[in-house]
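The structure appears right after this line, and notes come after that.
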Amino acid sequence: MTALAAGSPAWPLAAVLAIVAGWLLIGVAGLLALHRLRFVAQVLFPLGALLGLLLGGVGAVALAAPPMTVVLPLGLPQLPFHLRLDALSAFFLMVLGGATAGVSTFAAGYFRRGEGTPPGLLCLQYHVFLASMAGVMLADDAYAFMVLWETMALSSFFLVTANHRIAEIRQAGYLYLLVAHVGAIGILMCFGVLQAGSGDYTFDAMRAQSLAPAWASVGFALALFGFGAKAGILPLHVWLPEAHPAAPSPVSALMSGVMLKTAIYGLLRVLFDLLAAGPQWWWGALMLGLGLLTALFGVVFAAVQVDMKRLLAYSSIENIGLLLAGIGLAAVFAAYDMPAVSALALTAVLYHVAAHAFFKSLLFVGTGAVLHATGERNLGRLGGLLRPMPWVGWIMLLAVLAGAGLPPLSGFVSEWLLLQSFLFTPGLPHPVLNMLIPAVAAVIALVAALAGYVMVKFYGVIFVGQPREAALAHAHDAGRWERAGMLWLALACVALGLAPQAFVQAIDPVTQLAVGAGIGEAVAASGWLLAPTGIERASYGPVVFLLGVVACFALAWLLVRRLYHGRTRRAPPWACGFTQLSARMQDTAEGFGQPIRQIFEPFFLVRRELPRPDDAHPRYRVLVEDRFWHALYLPIAALVGRLAQWAGLLQQGRIGVYLTFSFVTLIAMLVLVSL
């Protein structure tokens with residue numbers, strides 16, 4: 001092993017490699033203890049969580065350290081693995097470690113017999129998945145990157161299909177694997193363009209290449225396609241709402257909270273690091289438009305879902321759209337040599353990466369607790385769970401508030417920073433962008449409002465009101481391990497919301513590396529207020545806001561106690577004179593989403609099943625489906641099926657036919673070579 005450190009000891013990189021090796025050893029230990037559920041769940045998974053916590057700490061320390069590189073002889077003899085730890089990879093490793101600590105702790109109490117896969121094998125797949133994600137963030141050459149990227153895809157495929165005896169889960173896994181490999185082809189072709197015929201596939205060699213603008217645009221387009229397939233941007237999103245509900249809830253949390261961010265990492269690596277000439281303005285405009293469509297599409301589809309995990313999956317598509325729009329805005333500013341404002345937009349992106357990793361992981365593990373307690377994913381059969389599941393209900397309330405972008409939690413800060421970035425677009429020397437980008441900012445504000453609507457639906461239908469099924473009264477709360485994991489993720493949401501100044505200053509080296517500027521000094525100068533562009537322009541004080549909210553509640557409580565002398569009178573709620581209230585009178589998930597379905601009906605392919613007059617058991621049902629699936633993917637599937645049938649004509653089972661085909665192919669190749 002050859003290690004090269006630039007001006008500082010290389011211990012952070014060695015520590016990260018040790019943690020990755022530790023995850024792999026935990027996976028091997030799980031395989032050896034194949035059916036020992038108690039040992040796997042309560043020993044190996046907590047050890048994995050501890051290593052995740054250590055990884056988060058090492059990543060935080062490495063943010064301010066110079067880049068470190070190492071060459072490992074793990075690949076082919078002439079293709080060793082080149083690894084590099086710099087500020088960008090350190091940030092994503094910090095997010096990976098922090099989210100893993102909570103999710104793995106939750107998984108220690110979540111995984112039981114009946115998942116479809118032996119617990120030890122599930123442990124191996126899970127920790128290989130973690131190790132491969134960390135490896136992707138360290139890879140410093142195309143060969144290592146692709147090997148680790150495919151390892152991540154395959155291990156997550158096996159996790160998605162853990163309960164492989166169910167046909168729908170197998171179908172979701174195959175769809176995910178197909179889209180993942182199509183995206184991997186785009187990434188591989190991108191690296192082929194970036195090496196510019198030099199034959200050197202290390203990232204250092206790619207950074208040294210001076211590509212023509214046309215070839216640079218080709219490389220960017222391939223990167224956007226390849227990483228977009230993994231991230232779930234439009235129209236490559238179809239795997240995400242299928243795979244996330246199929247996977248066990250801790251796996252869904254990692255896939256949505258962290259794995260999608262590996263695609264964001266790859267796009268940032270190519271756009272701001274490997275493409276030495278920097279982004280062109282139209283690249284940013286393309287990402288802005290595509291991100292806007294993805295965010296709006298995801299949030300309106302989330303609003304009409306009746307499956308709680310599909311709702312969260314579409315919500316992840318919305319958040320990926322916001323991230324892509326922020327990257328596009330940062331690219332536009334960078335193209336016009338406005339590094340300070342580009343750093344502001346990129347800071348918003350990085351902040352949202354961390355915020356979404358924690359609150360979406362918390363939402364998914366919370367749905368896992370609900371699923372284990374009730375056996376239901378359908379929102380139409382849930383309700384009133386705050387009483388039998390108070391721990392899960394109150395912790396999930398924090399995740400919902402963060403996901404809705406409400407202060408003083410983490411989701412608000414990232415969206416506020418992103419909207420602050422849009423305020424600088426009048427300074428762009430491009431009249432068309434000056435005209436269009438404010439409209440984009442308005443639509444992003446609409447998306448944020450709809451996201452709040454979705455979170456209200458999600459929480460209200462599940463936890464508030466009366467139980468819609470009698471069996472819900474016997475639902476049990478989460479166990480100790482599950483509570484501990486959820487508390488960790490909830491505390492991260494609160495910490496990111498209340499201490500944005502410290503976090504922004506910590507990630508300043510990432511923006512310095514990417515665009516050559518940062519906002520850390522401006523934030524440090526603003527003291528206890530978050531003022532990324534100066535206090536005179538805009539500022540936000542989360543602690544003051546929280547104290548104000550607490551003071552208002554305390555004042556209201558004191559006034560009620562003072563004026564009413566502490567007397568309370570309980571009475572049934574007024575229901576227009578109807579006294580026999582029941583769960584059937586509550587708003588359903590379908591009814592909650594109906595206004596959005598009607599307003600944004602062009603987004604949906606709506607199929608209505610209407611009852612006939614002669615039906616003994618009349619039924620009315622509305623199916624909301626994805627237009628992209630029917631207009632794009634089903635025709636492609638039909639075409640591939642026809643081509644496969646034609647190819648099947650070659651298999652006649654007769655040696656004479658096969659020899660004829662071989663002879664014709666040989667003649668054709670000779671003619672082609674002679675030309």
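The values are calculated or read from the model by the stated rules, or taken from the named source; none is laboratory data. Worth saying up front: this structure is predicted, and the values here are computed from it rather than measured. Here the Cβ positions follow ideal geometry from the backbone for every residue, glycine too, while neighbour counts run over all protein chains shown. These accessible areas exclude ligands, DNA and RNA; they are computed on the full protein's heavy atoms, side chains included. Shrake-Rupley method; radii C 1.70, N 1.55, O 1.52, S 1.80 Å.
Residues whose amide H falls under 5 Å from that of GLY541, counting only those 5 or more places apart or on a different chain, are LEU530, with hydrogens built in the peptide plane. Taking the Cα centre of region 66-202 as reference, the dipole from Cβ charges on Lys and Arg (+1) and Asp and Glu (-1) amounts to some 520 debye.
A Förster radius of 41 Å combined with the Cβ-Cβ distance from ASP614 to SER582 puts the calculated FRET efficiency at roughly 0.85.
What is the sum of charges around ILE320, taking Lys and Arg as +1, Asp and Glu as -1, for the other residues whose C-beta is under 13 Å from the C-beta of ILE320? Neighbourhood net charge equals +2. Give, rounded to the nearest 20 debye, the magnitude of the charge dipole that the chain has about its Cα centre when Lys and Arg contribute +1 at Cβ and Asp and Glu contribute -1 at Cβ. So the magnitude is around 2100 debye.
First check a/c for region 398-496, with a ≥ b ≥ c the square roots of the eigenvalues of its C-alpha gyration tensor; if it is under 1.5, answer rounded, and if not, answer prolate when a/b is larger than b/c or oblate otherwise. Cα axes put region 398-496 in the oblate bin. A straight chain from LEU72 to HIS430 at 0.36 nm per residue would run longer than the Cα-Cα distance by 124.2 nm.
Considering only LEU350, TRP391, LEU659, the residue lying farthest towards the positive end of the dipole of the chain is TRP391, judged by Cα position with unit charges set on Cβ. Partner aspartates and glutamates whose Cα lies under 16 Å from the Cα of LYS230, excluding those fewer than 8 positions away in the same chain, are identified as GLU150, GLU242, GLU318. Computed from phi, the 3J(HN,Hα) profile of region 542-557 under the Karplus parametrisation 6.51, -1.76, 1.60 (θ = phi - 60°) reads x, 5, 4, 4, 4, 4, x, 5, 4, 5, 5, 5, 5, 5, 4, 5 Hz, with x in place of Gly and Pro.
Each listed q (0.13, 0.16, 0.21 Å⁻¹) maps to a log10 I(q)/I(0) for region 246-315, found by the Debye formula over equal Cα scatterers with no solvent: -0.53, -0.74, -0.98.
Taking packing as the residue-averaged number of other Cβ atoms within 10 angstrom, the listed peptides 270-277, 352-359 run from highest to lowest as 352-359, 270-277. Contact order, relative form, for the chain: 12 percent (alpha carbon pairs under 8 Å, 6 or more residues apart, mean separation divided by residue count).
Its Cα gyration tensor gives region 1-153 an equivalent ellipsoid, and the semi-axes of that ellipsoid, as √(5λ) in whole Å with the largest first, are 29, 17, 11. Note on the chain: dipole from Cβ charges, positive end direction compared against PHE106, GLY648, MET287; the farthest Cα belongs to PHE106. For region 126-166, chymotrypsin sites (Phe, Trp or Tyr not before Pro) are listed when DSSP marks them as loop and at most 14 other Cβ atoms sit within 10 Å of their Cβ; the list is empty.
Assuming charge only on the beta carbon of Lys and Arg (+1) and of Asp and Glu (-1), the dipole of region 597-675 about its Cα centre is about 40 debye to the nearest 20. The candidate values are (i) 1.16; (ii) 1.06; (iii) 1.01; the one derived from this structure for Cα Rg over 2.2 N^0.38 Å carries the label (iii). Less than 5 angstrom separates the built amide H of LEU74 from those of PHE81, all sequence-distant by 5 or more or on a different chain. The modelled label-to-label distance for the pair GLU521/PHE663, using points 7 Å beyond Cα in the direction of Cβ, is 7.9 nm. At an R0 of 60 angstrom, the distance between the Cβ atoms of ARG480 and VAL671 translates into a FRET efficiency of 0.25.
Charged neighbours of GLY460, selected by a Cβ distance under 13 Å, balance to +1 (K, R count +1; D, E count -1). Among all the lysines, which ones have a C-alpha under 20 Å from LYS457's C-alpha, if same-chain residues fewer than 8 places away are not counted? List returned: LYS309, LYS360. Model label sites at ARG654 and VAL182, defined 7 Å from Cα along the beta-carbon direction, differ in position by 3.7 nm.
Our summary gives region 241-332 a relative contact order of 37 percent, counting only alpha carbon pairs under 8 angstrom and 6 or more residues apart.
Report in % the part of the accessible area of the chain that belongs to carbon and sulfur, leaving out ligands and nucleic acids; probe 1.4 Å. Mind showing how you got there, number by number?
Details: 19910 of 29400 Å².
Roughly 68 percent, rounded to a whole number.
Report the extension gain between LEU406 and VAL43 in nm, rounded to one decimal, defined as 0.36 nm multiplied by the number of residues separating them, less their alpha carbon distance.
In short, 127.0 nm is gained.
Tell me which trypsin sites (Lys or Arg not before Pro) from region 478-555 have a DSSP coil assignment and no more than 15 other beta carbons within 10 Å of their own. Display every interim value, and only then the final one.
Numbers: sites: ARG480, ARG483, ARG537; in loops: ARG537.
Counting only loop positions with at most 15 other Cβ atoms within 10 Å, the trypsin sites (Lys or Arg not before Pro) in region 478-555 are ARG537.
Here's how it looks for MET389: its modeled amide H is under 5 Å from none belonging to a residue 5 or more places away or on a different chain.
Count charges around ASP141 for me, please; just the other residues with Cβ under 15 Å from its Cβ, Lys/Arg as +1, Asp/Glu as -1.
In short, -3.
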